[in-house]
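Nothing in this text is a laboratory measurement; each read-out follows from the coordinates by a stated rule. Everything quoted here is computed from the prediction, not taken from an experiment. Backbone-built Cβ (ideal geometry, glycine too); neighbour counts: all protein chains shown.
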Amino acid sequence: MPTPKLRFKDENGQDFPEYSRNFITKLCSIKNGNINAEDGSDKGCYRFFDRGIESVKFADSYFLDKEAIIYAGEGSSFLPKYYFGKFALHQRCYALYDFHNSIAVEYVYQYLLTKNSHFIRYAVGSTVKSLRLGSFNTCEVIIPCLDEQHKIAEFLSTVDEKVEVLEKKLEALNSLKKGFMQKIFSQELRFKDDSGQDFPEWECKELNNIAKSVNLKNTAGDILEPLTVSAEQGIVLQQDYFDRAITNEKNINGYTIVEKYDFIYNPRISSLAKAGPIKLSKVKTGVVSPLYTVFRVKSSHKDSIEFLEHYFNSDAWVPYMQSVANYGARSDRMSLKKQDFYALPVIFPCLEEQRKIAEFLSAFDEKIEAVKRQVEAMKQVKKGLLQQMFV
């Protein structure tokens, strides 16, 4: 059996016994839940783990009152959740509970974080991957003695706590920025000029007066870099977003060519983009699906690009879009007439106030990005520790 690079010592500084191995089904009981998605809500007494396990829901009754490891039964990846207490469980989720006395549940949870590839490999289905009980039958667990399990779990939990602190800091910064954006673009909060005087009143201009539609197609097939518009990440290379290209040279000839500093509107609605995101492209020349709307700021307003980026990252323009949209057959996608889209009203301060607003919000973005990097760095530390502890 390969030896882990990182091992703990006992209280006397001596090595712990060698690890053993066993299948997870030999260490605990496993069963799936008993309710459906519609049984969960934002109210209720008990945490409800739905098949989309990242969503936080509640239910009026509980399924188990246990220390448990929980798996969502569907998804593109399968990472466990640890929970101790009363909880409700979707019928397509699995609970691992009633572990043997020689097993520390939090240790097994940490170990199973390294087994995502195993569950992906054994999941079934072509469109949506699903777990079956047999996936657990073939999942082997490395088992140190109980004392070393506790030491490993305690050490890794300390790293998790550091990640959680950083993520809460990130959440607080995002919330604070969102609050400032609401006040700025509703003009509840106004900036002063360098002399302490009020800036002029804001103007309202239709989008077609400050930007023009971009419709140049990739008919020659010269541009081979497809882009994706994400509400959270902005405009990114499709290869980076999906870890693979989902288009090929043959099917991007009809795509729209996007230059750096073009804006792209993705009509797909999400919890982060109630009318779909409008994002500024800061990457190299690429192409996007004709389902997206691409526009370019006119040269007369090029100095407003940074301000417009922040404006479209706010919700100030969302009510108008919702008022003119036709949702059609797909409730997750906005359907807009071109003339309605370009009639979008945009509020405009004078250029000097635009710059002050952009500088203020960009400073927030820099702080947010710095914390994001700290979160990612800590997660990489955790990943490295897992690799050294578990062979």
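Remarks
- The calculated FRET efficiency for the pair Glu201 and Leu237, based on their C-beta separation and a Förster distance of 41 Å, comes to about 0.50.
- Amide H contacts under 5 Å for Val346, placed H, 5+ residues apart: Lys205, Glu206, Leu207
- Most positive-pole-ward Cα, Ala377, Val124, Asn313, against dipole of the chain from beta carbon charges: Val124
- 5 angstrom amide H check on Tyr255, placed H, neighbours 5+ away: Asn218
- Dividing the alpha-carbon radius of gyration of the chain by the rule-of-thumb value 2.2 N^0.38 Å gives 1.22.
- Calculated log₁₀ intensity ratio I(q)/I(0) where the Debye formula runs over C-alpha points of the stretch 252-317, q = 0.11, 0.12, 0.27 Å⁻¹: -0.26, -0.31, -1.25
- Checking every one of the trypsin sites (Lys or Arg not before Pro) in the stretch 332-368 against DSSP loop status and a limit of 14 other Cβ atoms within 10 Å picks out Lys337.
- Cα-centred dipole magnitude for the stretch 142-291, charges only on beta-carbon of K, R (+1) and D, E (-1), debye, nearest 20: 540 debye
- Expressed as a fraction of 2.2 N^0.38 Å, the value expected for a compact globular protein of N residues, the C-alpha radius of gyration of the stretch 196-238 is 1.98.
- Every pair of different Cα atoms in the stretch 88-243 enters the Kirkwood calculation, which places the hydrodynamic radius at 22.7 Å.
- DSSP H segments from the chain that extend 30 Å or more along their own axis, Cα-based, with Kyte-Doolittle mean of -1.0 or above: 146-185, 351-389
- Dividing the Cα radius of gyration of the stretch 63-125 by its Kirkwood radius returns 0.97 for Rg/Rh.
- Amide H contacts of Gly75 (H built 1.01 Å from N, under 5 Å, at least 5 apart or other chain): Lys129
- GNM flexibility winner over the chain from Gln354, Gln322, Gln197 (Cα, springs under 10 Å): Gln197
- Only Cα sites of the stretch 7-90 enter the Debye sum here, all with the same form factor; the resulting log10 I(q)/I(0) across q = 0.14 1/Å is -0.58, listed in q order.
- Only the Cβ atoms of Lys and Arg (+1) and of Asp and Glu (-1) were treated as charged; on that basis the dipole of the chain about its Cα centre amounts to roughly 1060 debye.
- Listed by chain and number, the lysines whose C-alpha is less than 23 Å from the C-alpha of Lys151, apart from same-chain residues fewer than 8 away, are Lys5, Lys9, Lys26, Lys66, Lys81, Lys115, Lys162, Lys379, Lys382, Lys383.
- Inter-part distance where the stretch 120-136 and the stretch 257-292 are each reduced to a Cα centre, Å: 33 Å
- Taking θ as phi - 60° and the Karplus parameters 6.51, -1.76 and 1.60, the scalar couplings of the stretch 132-140 work out to 10, 4, x, 4, 7, 4, 9, 8, 9 Hz in sequence order, x denoting glycine and proline.
- Relative to the globular-protein estimate of 2.2 N^0.38 Å, the Cα radius of gyration of the stretch 160-309 stands at 1.27.
- Signed unit charges on C-beta, dipole axis of the stretch 189-320, positive-most listed residue Ala275, Ser300, Asn253: Asn253
- Residue among Asn12, Asn215, Asn116 with the largest mean-square fluctuation in a Gaussian network model of the chain, springs linking Cα atoms under 10 Å: Asn12
- Across the stretch 100-171, the convex hull enclosing all Cα atoms gives 118 Å³ per residue.
- Assigned charges on the beta-carbon of Lys, Arg, Asp, Glu; the stretch 1-156 dipole about Cα centre (debye): 540 debye
- Legend: P(r) of the stretch 90-139 from all alpha carbon pair distances, 10 Å bins from 0, whole percents, reading 21, 51, 25, 3.
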